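Presented below is the structure to which this report refers.
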Amino acid sequence: MKRHYLFAAALALPQLALATTISGTLITAGGGDSSYVTVRAANGTEVTAWCVKKECEQVVGESDDPNQGYFLKKKFKGSKVILEYKIERNRGRVPGPGNDDRLEIVKQLTVLK
């Protein structure tokens, strides 16, 4: 009986993973159907994460031309930011990758003054 609880807990662990945080410089953003941001840390590590809600509205603009998609607002290029992201299954949030593909998803994006 106790094995069943242990097995259930082991299956739940990946779902309980905490978000990862990186601080660095906002180097690019964009996208066609969905927007993304890319942050470079001081050690050179780059993380690109998808914006599936409104976390990135402050730094990502949407073109008036529907064929152009999203872009990084000029005043934010090179800004210092804190990016909190989590690797999750797509579940249809980002067009292109499959529903079960695991993607970096923005949980919070904070622009530092």
* **Contour excess over end-to-end distance, with Cα ends at ARG89 and ASP33 and 0.36 nm allotted per residue** => 18.4 nm
* To do: Compare ARG102, ARG91, ARG40 by solvent-accessible area with a 1.4 Å probe and give them largest first, with all protein chains kept in place.
  => ARG91, ARG102, ARG40
* **Distance in nm between pseudo-label sites at LYS74 and ALA19 (7 Å out along the Cβ direction from Cα)** => 3.1 nm
* Asked: How much net charge surrounds TYR85 when only other residues with a Cβ under 10 Å from its Cβ are counted (Lys, Arg +1; Asp, Glu -1)?
  -> -2
* To do: Provide the solvent-accessible area of ILE82, counting protein heavy atoms only and rolling a 1.4 Å probe, rounded to the nearest 10 Å².
  => 60 Å²
* Asked: Taking a 1.4 Å probe, which of THR28, THR21 shows the most accessible area, and what order do the others take after it?
  -> THR21, THR28
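The values are calculated or read from the model by the stated rules, or taken from the named source; none is laboratory data. A quick note: this is a predicted structure, and the numbers were derived from the prediction, not measured. Here Cβ is always computed from backbone atoms with ideal geometry, including for glycine, and neighbour counts include all displayed protein chains. Please note that ligands, DNA and RNA were not included when accessible areas were found on the heavy atoms of the full protein model with its side chains. Shrake-Rupley method; radii C 1.70, N 1.55, O 1.52, S 1.80 Å.
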